[in-house]
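Visitor: Got a structure here, written out as structure tokens. Questions coming.
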Amino acid sequence: MVSINACKNKTANNSQAVPAIANIVNGIELDKRFSSADSLVVVFYKDPFGNDSLRYTRYYNQHVTTDSTFVTELLYNLNQPFTKQEKIKPCRSEGKVWMYSQGKLFQTIYFAYNKSDCYFLYLIKDGFFYYMDVKKTLLDKLNAAKKLAKEPA
């Protein structure tokens, strides 16, 4: 078996080029629009672990933010390898983040972090589910946003 290696461009701080195996992609590379994100709507389902395993509650609280540190933290979290799956994991997400650029919604990121066996971010693209870990720094931002979240008007 032949391994194909590629080099990424030098990083922004002009450090050494980072070798990468051609078939490993970071989540942020799944959608080139990520770099244009300027605001988020963070949605928290009111009853994410409800009795009906097939449907989510339609009731939620949300927090709208243009905080660049929150956007940056989400992008930092997305900049890690993902696991591509054909089927959704048997875990319910606890909420989602709608990502905006110049007032237009362009991507939805789902999250779960309150159960040890269901601890992830994921997005859907081309019929596949792309999962990645939730980093503690993003978890802190999500928890802070949850405290500020209100019912949509």
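Visitor: Can you run down the residue pairs with Cβ atoms below 8 Å, 6 or more apart or on separate chains, where the first is in region 137-153 and touching a residue at least 24 places away in the same chain (Cβ under 8 Å) and the partner is open to solvent by 50 Å² or more (accessible area, probe 1.4 Å) and assigned to a helix (DSSP H, G or I)?
Guide: From residues that are touching a residue at least 24 places away in the same chain (Cβ under 8 Å), the pairs are Thr137/Tyr76; Leu138/Tyr76; Lys141/Thr69.
Visitor: When you scan region 87-97, how many residues do you find that are β-branched (Val, Ile, Thr) and open to solvent by 20 Å² or more (accessible area, probe 1.4 Å)?
Guide: 1
Visitor: For region 93-116, which residues satisfy the criterion of being in contact with a helix residue (DSSP H, G or I) (Cβ under 7 Å, 6 or more places away or on another chain), among the hydrophobic types (A, V, I, L, M, F, W, C) and farther than 15 Å from Leu138 by Cβ?
Guide: Phe106
Visitor: Does Tyr131 fit the bill of being out of contact with any Gly (no Cβ under 6 Å at 6 or more places or on another chain), free of Cβ contacts under 8 Å to residues at least 40 places away in the same chain and outside any loop (DSSP other than H, G, I, E, B)?
Guide: no
Visitor: Do you know which of the residues in region 98-111 that are surrounded by 14 or more Cβ atoms within 10 Å (Cβ to Cβ) and without any contact (Cβ under 8 Å) to a residue 24 or more places away in the chain is nearest to the chain's Cα centre (by Cα)?
Guide: Ranking the candidates gives Tyr110 first.
Visitor: Run Lys84 past the list (1) farther than 19 Å from Ile28 by Cβ; (2) among the basic types (Lys, Arg); (3) open to solvent by 70 Å² or more (accessible area, probe 1.4 Å) and report the number of the one that doesn't hold.
Guide: (1)
Visitor: Further question on the same structure: Within region 117-126, is even one residue over 24 Å from Ser35 (Cβ atoms) and either in contact with a helix residue (DSSP H, G or I) (Cβ under 7 Å, 6 or more places away or on another chain) or open to solvent by 30 Å² or more (accessible area, probe 1.4 Å) (or both)?
Guide: yes
The values are calculated or read from the model by the stated rules, or taken from the named source; none is laboratory data. Note that the structure is a prediction, hence the values are computed from the model and not measured. When we count neighbours, we look across all protein chains shown, and the Cβ atoms used for this are built from the backbone with ideal geometry, even at glycine. Surface areas here come from the heavy atoms of the whole protein model, side chains and all, with no ligands, DNA or RNA. Shrake-Rupley method; radii C 1.70, N 1.55, O 1.52, S 1.80 Å.
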